[in-house]
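In what follows, a structure is listed as structure tokens, so that the remarks can point back to it.
The values are calculated or read from the model by the stated rules, or taken from the named source; none is laboratory data. Only a predicted model underlies this, so the values are computations on that prediction, with no experimental measurement involved. In this analysis, Cβ positions are derived from the backbone assuming ideal geometry, glycine residues included, and neighbour counts consider all displayed protein chains. Areas reflect the complete protein model, heavy atoms only, side chains present, ligands, DNA and RNA absent. Shrake-Rupley method; radii C 1.70, N 1.55, O 1.52, S 1.80 Å.
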Amino acid sequence: MLKLYLKQLRERFIAALEGFSDFEMSEGNPFRLKIADRNFIVFVKSLSPGYFKGSPDVSRIQLPMLRLADGDRRSTFIALGYDENNNSFVAWNPEKLEKRLNVRGNVSLYSRISIQKLPQPEDFNVGILNSGERFLAFHSSLLPVFFKKYQELFKEEVPFFVPFVEKNSIQKQAILTKVTDPSVLSEIMPMLRETRILDTAAKCFDHYSALYPAMSFSDWLAIAKNMHAQLISDQN
């Protein structure tokens, strides 16, 4: 996937909004957008491969820490990933995204390349990650429709399935510091013995990201590194 500079991304974004006769857009990234009498804060970034061994279909963008003014917090925050190869955008649920914004740096938002390859320009493709989180992929020509109907498009959320534990007990915990679930350990321990740190972090993210939305991929990577270090120490 091609990585575009901000100027190129803005050009793609503006060209896609030709369906609106009037809109106001500020400079920068994120930027303010007033469209259809609604106020948005939009962050757009080129999608890049997830670089997970064994998961070549995964793509992502990363959200840095974003400084928003008090007035901006009353606007709807929209994060968009752009796929230049397929001229398509990917979007995530703004309501759920708001809860993760600025909780910690470099929040990763994941997609699937196969979903980004759209069969028809008039369709919104719905993708579901292993965590149960939904995302939308759509041709750039549908960007005006997305801003008109984003609430309706994300209305039919699929409930998360939480195995082995009560949901309420997990929701009280914002950060996980150690993996103890036997079913997960049975999958990641062979990876750790082979020093597959990134694969271990990816497996943890896929399993737990819906339960611990405040944790970024770098958090799971730190846990994987600590577990590998402990494993080496135990063997010596």
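Values for this structure:
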read-out	value
Pairs where the first residue, in region 122-140, is surrounded by 15 or more Cβ atoms within 10 Å (Cβ to Cβ) and the second is among the aromatic types (Phe, Trp, Tyr) and part of a loop (DSSP other than H, G, I, E, B), C-beta under 9 Å, 6+ apart	SER131/PHE160; GLY132/PHE160; GLY132/PHE161; GLU133/PHE160; ARG134/PHE154; LEU136/PHE154
Pairs with Cβ under 9 Å, 6+ apart, first in region 8-20 and without any contact (Cβ under 8 Å) to a residue 40 or more places away in the chain, second surrounded by 16 or more Cβ atoms within 10 Å (Cβ to Cβ) and β-branched (Val, Ile, Thr)	ARG10/VAL44
All positions within region 179-196 that are assigned to a helix (DSSP H, G or I), in contact with a helix residue (DSSP H, G or I) (Cβ under 9 Å, 6 or more places away or on another chain) and either at pLDDT below 85 or open to solvent by less than 30 Å² (accessible area, probe 1.4 Å) (or both)	SER183, VAL184, ILE188, MET191, LEU192
Selection count where residues are closer than 18 Å to SER141 by Cα and part of a helix (DSSP H, G or I), scope region 1-34	12
Long-range neighbours under 7 Å by Cβ, at least six apart or interchain, first residue surrounded by 14 or more Cβ atoms within 10 Å (Cβ to Cβ) within region 210-235, second of a type in the set (Ser, Thr, Tyr) and modelled with pLDDT under 75	ALA210/SER131
Yes/no for ALA16 being open to solvent by less than 30 Å² (accessible area, probe 1.4 Å) and either among the small types (Gly, Ala, Ser) or in contact with a helix residue (DSSP H, G or I) (Cβ under 9 Å, 6 or more places away or on another chain) (or both)	yes
Subset of region 197-209 (residues that are open to solvent by less than 60 Å² (accessible area, probe 1.4 Å) and charged (D, E, K, R))	ASP199, ASP206
